[in-house]
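> Following this message is one structure expressed as structure tokens.
The values are calculated or read from the model by the stated rules, or taken from the named source; none is laboratory data. Predicted, not measured: the structure shown is a model, and the values here were computed from it. Cβ coordinates were reconstructed from backbone atoms using ideal geometry, including for glycine residues, and neighbour counts include every protein chain displayed. Note: areas computed on protein heavy atoms with side chains; ligands, DNA, RNA excluded. Shrake-Rupley method; radii C 1.70, N 1.55, O 1.52, S 1.80 Å.
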Amino acid sequence: MKFFLDTANVEEIRRINELGLVDGVTTNPTLISKEGRPFKEVIQEIAGFIDGPVNAEVVGLKSEDMVKEGRELASWGSNVIVKVPMTEEGLKAVHTLAQENIKTNVTLVFTIAQGLMAAKAGASFISPFIGRLDDIGKDGLELVSKLKQVMSMYGYDTEIIAASIRHLPHLEGIALSGADIATIPGSIFPKLWSHPLTDKGIEGFLKDWENYEKNQEEV
Ligand code: G3P
């Protein structure tokens, strides 16, 4: 299973990348807007040190505009993936870009049918949004499992990026669902390696060690 970071914050990406846990990065217009820096500069900086896909999203709604933007984004780095929204125009753009060997990630996927359409149009990745489905009372994790089943059943190479992850149980559910990739916000990542009993255990061991050392000095 691969882990992507769902952020455009370079410091956050560098910090977690130092642990050897980052296989790629996803951004979207909301995440880019939070950084207050030029889009191209941010994407190129990230793509320069991340050894894996770095996703940058188009903002046009017409396929011609998406294709134009997509070509430009792809020219920013050999590992830049073009994120395209799941619409009819988006599918058309994905199809055109795939013919030019430009990799796409179809985002805002909420049904099996949408995932299948994106894979068939030629998307390299699809992004089902788990948390946003949970928000409307649907089961986001179930969608990921079913998408995985469908992709394997029909032999699509399209990789599933489980997105809109809000908490640790989401991540653990995604791991069991067989998703290829989980894209995780920087705020959630530390929760993956932490546990209160780990902290309590360290504290106990250190206290006992201190006492042991004191006793040794006295001997
Ligand atoms: O990767 C998608 C993500 O950025 C959206 O997350 O929490 O706004 O649904 P969220």
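> For the chain, set up a GNM with springs between Cα atoms under 10 Å and report which of 199, 208, 139 has the largest fluctuation.
208
> Ignoring ligands, DNA and RNA, what percent of the accessible area of the chain is carbon or sulfur (1.4 Å)? List each step's numbers first, then the result.
Numbers: 6260 of 11670 Å².
With neighbouring chains kept in place, the figure for the chain is 54 percent.
> What is the angle, in °, between the Cα long axis of helix 39-49 and the longest principal axis of the Cα atoms in the chain? Nearest 10 is fine, range 0 to 90.
60 degrees
> Given only helices, namely DSSP H runs of n ≥ 4 each adding -39500 (n - 2.57), what is the per-residue ellipticity at 222 nm of the chain, to the nearest 500 deg cm²/dmol? Each step should come with its number before you reach the end.
Details: 11 runs with 118 residues, N = 219.
Result for the chain: -16000 deg cm²/dmol, rounded to the nearest 500.
> Using the alpha-carbon centroid of each, what span in Å lies between the range 87-151 and the range 168-219?
34 Å
> Magnitude of the Cβ-charge dipole of the chain, K/R +1 and D/E -1, about the Cα centre, nearest 20 debye? Write out the running numbers ahead of the final one.
Values: 22 positive and 32 negative charges, 165 e Å.
Charge dipole of the chain: 800 debye, to the nearest 20.
> Measuring from label point to label point, each 7 Å out along Cα→Cβ, what is the residue 210 to residue 98 span in nm?
Between residue 210 and residue 98, the label points sit 6.2 nm apart.
> Test of understanding: in a Gaussian network model of the chain with alpha carbons linked when under 10 Å, which of 130, 184, 202 would top the mean-square fluctuation ranking?
Of 130, 184, 202, the most mobile in the Gaussian network model is 202.
> Right, something else. Cut-off 10 angstrom, C-alpha nodes, Gaussian network model of the chain. Which of 12, 100, 69 fluctuates the most?
100
> Mind checking the per residue accessible area of the range 2-187 for me, 1.4 Å probe, whole number of Å²?
Details: 8550 Å² over 186 residues.
Heavy-atom accessible area per residue stands at 46 Å².
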